[in-house]
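Just below is one structure, and these are the notes that go with it.
The numbers here are math on the coordinates, done by the rules we state, and not lab data. Source: prediction; values computed, not measured. For neighbour counting, all protein chains shown are included, and Cβ atoms are generated from backbone atoms with ideal geometry for every residue, glycine included.
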Amino acid sequence: MSDTLAGLVSIAALVALLALAYRPLGDYMAAVYSSDRHLRAERLVYRLTGVDPRAEQSARSYAVSVVGFSLVGVVLLMAMQLAQAHLPFSRDLPGVPFWMSFNTAASFVANTNWQSYAGESTLGFTVQMAGLAVQNFASAAVGMAVAVALIRGFTRARTGNLGNFWVDLTRGTLRILLPIAAVGAVLLMAGGVVQTFSDTPMDTLAGHGQVLTGGPVASQEAIKELGTNGGGFFNSNSAHPFENPNGYTNLLEVLLILLIPVCLTRTLGTLVGNRRQGLAVLAAMGVLFAVSLAAVTAAEVGARSQAAQAAGAAMEGKETRFGEWASALFAVATTGTSTGAVNASHDSLTPTGGGMVLLNMMFGEVTPGGVGSGVYGMLVLAIVAVFIAGLMVGRTPEFLGKKIGARQMTYVATYMLVTPALVLVGTGVAIALGSTSDALGNPGGHGFSEVLYAYTSGANNNGSAFGGITVTSDFFQITIGLAMLLGRLVPIVLVLLLAGSLAEQGRVPTTAGTLPTHKPVFVTLLVGVVVVFTALTYFPALSLGPIAEALA
Amino acid sequence: MSTTTTPTPAPDAGPTTDAAAHRPGAGTLVHAASSTGLRVLAAQALAQLPEAFRKLDPRHLWRSPVLFLVWCGSVLTTVVAVVDPSAFATWLAVWLWLTVLFGNLAEAVAEGRGKAQAASLRATRSDTVARLLDDTGATTSVPSTRLRVGDRVVVEAGEVIPGDGDVVEGIASVDESAITGESAPVIREAGGDRSAVTGGTTVLSDRIVVRITAAAGESFLDKMISLVEGTSRRRTPNEIALSILLVSLTLVFLAAVATLPPMADYAGAPQELVVLIALLVCLIPTTIGALLSAIGIAGMDRLVRVNVLAMSGRAVEAAGDVSTLLLDKTGTITYGNRQASAFLPAPGVTEEELRDAARLASLADQTPEGRSIVTLALSQGADDQDLPAGLDFVEFTAQTRMSGVDLADGTQIRKGASSAIAAWLGVDIDPRVIATVDDIARQGGTPLLIGSQGPGGESAALGVVHLKDVVKDGMADRFAQLRSMGIRTVMVTGDNALTARAIADEAGVDDFLAEATPEDKLDYIRKEQAGGRLVAMTGDGTNDAPALAAADVGVAMNSGTSAAKEAGNMVDLDSDPTKLIDIVEIGKQLLITRGALTTFSIANDIAKYFAIIPAMFVAAYPSLDALNVMGLATPRSAILSAVIFNALVIVALIPLALRGVRFRPAAATEVLRRNMLVFGLGGVLVPFVGIKLIDLLVSTIPGIG
């Protein structure tokens, strides 16, 4: 089978599997978040934590819970890392430096999983499993809870209540993430991903003895992808043969990455009682994903035909067992979903390919975006599109039966402002510092791309690294850590306040004068808003990095 | 001397002739995008130039953050141009100032149009002397400005009414042309729904006593003046929401430009301050930022031009969102009087006999119904020359409930309601005639029975005249258009359900409210609003006031009572209920114009990037020259051309902002597709051409090209 055919077949298989899961998983998740029943295990959790599962929370209370839960998570995770030397199963690794522990804690709580440390040589099993893996579940469940709260803002009328965060968090973890992650882990193990608590001594071809670090990789790997987390057990992430040994596991990991973000659009459609609305949101995400995939694949595969091929060309930084097609697919999936796992070095992508994955993150992680964050991010963008479109059809804008007034636009406009501000200010300040050029692996435009990528990845909660740049200085640890935390929590608070203001309204009935938001015209406009807004924000910065490089 | 049960409309019910009749006059000036229109506009712009300069005051500009930022950029650029003179910096400074000036000009022209109207209104307000009536019946002369609420004044023929009020005594014909522009006098009388008079209008005949209802300075005229002048204009909710989006976009661009210097330094392409300012000004949404307030003022202005006064911009916006229209049947949907449509003879009577008898019985009947019978008879071939001598006309009385004629030979012909005629004839009426009568009633028509008694006393029912409430031409089409826009029309009538249904079917309205009392209207409005719908209605009576107040858009007729006018949030000076439909369209047009220009403004940025970014960085990264798709001459000419385009596009769009984007009723998706193509795609492409053309000129300037 030629590379092209194999690449197309695996993309087709991926689409088919997602299509297969779309209805049942989407509707299942809708049922999870709207059911009145509590599982026995859940009741136990509520009793232990003293949560009243029937209590409803206002937007403010919901937001306080999310922020509080996240900040407590940061503190606990930092404490575990700092005290690592005294924890069991730590493979005699020392405590983590303070700002690195802050960066790592912020990173995992913010569902970013930016790793300024080398996984296997910095963190022992306890921190990895009781700290990082717990946040892999928790941060993903938080994202879904916020998305569901926003959907409730649309479906509820004349109430300020958005549900109960603790119930949503518990259900998302126990009923959605855990079962799928368990199945995923088993399938990954079947594919050859390791799951041990010991290291493997072996002899190399050269005859020397070597110890290969092992660990509970498969279980970590499943939630790493499923929860769009991306923090690898090993430093080289999904390029490592123990994390991602072959084409089968590679496809499975891409499937796990896209599974929940894609199916949540069905959940959206089901909960708002208009399935076509869910499909329209998915269509907007899908168009951007498809274009991005085509561009990256073309750039990576196309580089082979050039004279540079003799020097290894576009295979630099890619695993030979995956090749360009699977690397491109993985790169687009991971940057389009705020996952940040990598099976190839993004630093070594062609300028066009690297610029494209950068752009995927700059879209605000909505193609199809992180677990939960993709849906709420796209809904916020849809409100912007609705606002402009609504005016153009001569009505004060409304979306899913809710009026978009000054209060809603305040939240939306601030949301749109936060991430670009973090990315641009972070990059601007970092590049202005003389010390930065020492941290860069490359000079010129490519070096600039490395810095831009780091802050884009952090503020958008992606977590993938362009590589090349050394980010262990306190400056980077603190600023990228803050970018991740603020890039996560500020938008979440704004989304919840938005949800609350929507839930307080009554419902506006649909008439022939209402702009239908599930038709191709609107999807086109939504895609246009995403692209134009992103392009206008980042064009100057991009022109100094990937664009200058790509045109050279 | 009416023969029918329908009340005759009073002579001043307004020019309620045809839905389309008032439209040509209403908007000729605004709708004509002809060269004359543009010439007028250019003259207005020239006249407002001093005002635009006055608005350069930063304290004024602070209200528009986008323009304020441009102002700051202009000041900085000017400083640079003075400290470190260069042709480039000077040209940039000039065009940045022009950008602010053009933005001011848009607002000034919009306000100027209002001011011109206000000035003519103010002329009518000037110093009237009021004759104050005291309890003893004596009058004293006081200036109208001293009048207080509750004062009673006497106004006689030839005098100007000194203030807003209600007629409490007498009846007079009043010339309201100062307010409405309508020269035909109207009747104002004490009591009832036509008691309100407006200060500044002139009494033409008779004498009335008016109780003042608005103190000097708060009168209708005063409100109208401040509204059209724009002085009392407050930003509407949607305008505020849009401003928030624009401010957020501005901040994003500010972040993008402010963080550029370190990035540029790193790239080895340090940027001049003036270039960064030029980039920022080109990116921030200056077009819509400059035109936003002009669009709002022009929207109010368009309403004034169709003789509707909105008490707030909020109401105009709400009009665009209305999903239920409550329309009075009489005068809005139908012509307001019943007309004969057919002669249905009794068995054994020919149609000619019935026709001639009906005509004779109606010759002296000057009601519209009576005249319509004569007209129908003539159109069916009756001979209008052949008038028998010795006719003795019998007028309608409330006791007999019929009218008619006694012929010279003693034959009596009567027409009237079937029960009255039957009683008069004193004989049983052929059941087939009764069936015809019932049939007409069932269809919503009014059956008039024609009977005759010969000289010998022989009585017979000759047949039935079918009087119909005639639906205005084109109403069904208009309602269909409204339906396609998602607006339900509800007909409100005092008729019974049977009649109402028949007319509703013929007119094509979606629902009707039969035998409607004011309470029914209020209940209906509440019910619709509970479902989240916005309701618009018209009303004139005091008993309409609660419903007018409850409706999201309540249009009071100027002929109505002060209570109704106070309760509504708009007043229609022509008292034409069909205008509700125009008001909805103006509301929609206002929002569409805002959306279209926002889209256009943002779409423009793409081309500006392609002009400015390669110009800024081509020295550091020669590969970026590939982005210079327009082939602009030099980096400086490219940047200056983008700034000039940015300023000129404001001027170019002023006519559109004032006129409003053309609105054609269609389904939402269709409207969106069209506007996205014109203003979205157009907004992307136009500046590529525009900047290139400007560059061809600019590149000839020494020191730039």
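Ordered from longest to shortest, the equivalent ellipsoid semi-axes for chain B are 65, 30, 20 Å, each the square root of 5 times a Cα gyration tensor eigenvalue.
The long axis of helix B:273-283 is offset from the longest Cα principal axis of chain B by roughly 20 degrees. Counting only alpha carbon atoms, the long axis of helix B:635-659 and the longest principal axis of chain B meet at about 10°. Between segment B:621-640 and segment A:373-417, how many Å separate their Cα centres? Their Cα centres are 36 Å away from one another. DSSP bridge analysis restricted to the protein assembly as shown gives an antiparallel fraction near 80%, rounded to the nearest 5. Taking other C-beta atoms within 10 Å as the exposure proxy, A:453, B:335, A:411 rank B:335, A:411, A:453 from fewest upward. Our note on the geometry: Cα centres of segment A:27-44 and segment A:437-468, 42 Å apart. Segment residue B:685..residue B:382, full-extension length gain: 102.3 nm, with 0.36 nm per residue of separation and the alpha-carbon distance subtracted. Averaging the Cα positions of each part gives two centres, and for segment B:423-450 and segment A:332-350 these lie 87 Å apart. Compared with the alpha-carbon gap, the fully stretched path from residue A:212 to residue A:37 is longer by 58.3 nm at 0.36 nm per residue. I need the calculated FRET efficiency for the pair residue A:76 and residue B:439, taking r as the beta carbon distance and R₀ as 56 Å, to the nearest 0.05. My answer for the efficiency is 0.05. For residue A:399, nonlocal amide neighbours, meaning residues 5 or more places apart or on other chains whose placed amide H falls under 5 Å from its own, are A:404.
Placing pseudo-labels 7 Å out from each Cα toward the beta carbon at residue B:693 and residue B:134 gives an inter-label distance of 7.4 nm. Overall dimensions of segment A:373-551, expressed as equivalent-ellipsoid semi-axes from the Cα gyration tensor (√(5λ), whole Å, largest first), are 37, 18, 11. Karplus-derived 3J(HN,Hα) values for segment A:178-185, using 6.51 cos²θ - 1.76 cosθ + 1.60 with θ = phi - 60°, are 4, x, 5, 4, 5, 4, x, 4 Hz; glycine and proline are entered as x. Under the combined filter of DSSP loop state and at most 14 neighbouring Cβ atoms within 10 Å, segment B:38-139 retains these trypsin sites (Lys or Arg not before Pro): B:63. Histogrammed with a bin width of 10 Å, the alpha carbon distances of the protein assembly as shown distribute as 2, 8, 14, 17, 16, 13, 10, 8, 6, 4, 2, 1, 0, 0, 0 percent, first bin at zero.
Each residue in B:520, B:576 was given a count of other beta-carbon atoms within 10 angstrom of its own, and listing them fewest first yields B:520, B:576.
Between the amide H of residue B:130 and those of B:142, B:144, distances stay under 5 Å, these residues lying 5 or more places away or on another chain, with hydrogens modeled in the peptide plane. Residue A:471 sits among other residues whose Cβ lies under 15 Å from its own Cβ, and their net charge, with Lys and Arg +1 and Asp and Glu -1, is -4. Within chain A, the proportion of Cα pairs with more than 45 Å between them is 10 percent. The lysines whose alpha-carbon is closer than 30 Å to the alpha-carbon of residue B:472, local same-chain residues fewer than 8 away aside, are B:329, B:415, B:521, B:527, B:565, B:579, B:588.
Computed over neighbours whose Cβ is under 12 Å from that of residue A:521, the net charge equals +2, Lys and Arg +1, Asp and Glu -1.
Residues whose amide H comes within less than 5 Å of that of residue B:492, counting only those at least five positions distant or on another chain, are B:327, B:328, B:329, B:513 (H built at 1.01 Å from N in the peptide plane).
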